[in-house]
Amino acid sequence: QVKVAESGGGLVEPGGSLRLSCFTSGSYHDPYTMGWYRQAPGKQREMVATMDYDGNRNYANSVENRFTIDRDYSNRTAFLQMNTLKPEDTAVYFCYVDIRGFDYWGQGTQVTVSA
């Protein structure tokens, strides 16, 4: 059974930084795409950043040049370094994993940006 778990959320002041981690286990196959989505109260879930197995990265316009996604392939882990955080970044952040065409999601980690 594939498991996806996030960690690293919390409360941070505007302009601060957080680093999220996503761990996946339980599959014989390596994830092709790993990424992060977020959902703020009253809004739809949106893509934040993704990275495929070939190293291609994709970012939402709102986080470009502030967030960086990276992967540790040997440990099937993805990271999201978030810098210069803004109040509008407040949301639950979900890790997304694509393994052989099947989508898996973590339960989410809360990120709150507030003074």
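The values are calculated or read from the model by the stated rules, or taken from the named source; none is laboratory data. What you see is a predicted model; the values in this text were computed from it and never measured. Every residue, glycine among them, receives a Cβ derived from its backbone with ideal geometry; neighbour counts consider all protein chains shown. In case anyone asks, the SASA skips ligands and DNA or RNA and just uses the protein heavy atoms, side chains included. Shrake-Rupley method; radii C 1.70, N 1.55, O 1.52, S 1.80 Å.
The figures follow:
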item	result
Among (1) surrounded by 13 or more Cβ atoms within 10 Å (Cβ to Cβ); (2) farther than 15 Å from V4 by Cβ; (3) among the polar types (S, T, N, Q) - the single one T33 does not satisfy	(2)
Unmet criterion (only one of (1) in contact with a strand residue (DSSP E or B) (Cβ under 7 Å, 6 or more places away or on another chain); (2) closer than 14 Å to Q81 by Cα) for V4	(2)
Any hit, the stretch 7-20, residues being open to solvent by 70 Å² or more (accessible area, probe 1.4 Å), without any contact (Cβ under 8 Å) to a residue 12 or more places away in the chain and more than 14 Å from Q110 (Cβ to Cβ)	no
Hits in the stretch 40-90 (condition: open to solvent by 20 Å² or more (accessible area, probe 1.4 Å) and of a type in the set (G, A, S))	A40, G42, G55, S62, S74
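Residues checked against (1) of a type in the set (D, E, K, R); (2) within 10 Å of the chain's Cα centre (by Cα); (3) modelled with pLDDT under 95:
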residue: V2; (1), (2), (3): no, no, yes
residue: Y28; (1), (2), (3): no, no, yes
residue: W36; (1), (2), (3): no, yes, no
residue: R45; (1), (2), (3): yes, no, no
residue: Y59; (1), (2), (3): no, no, no
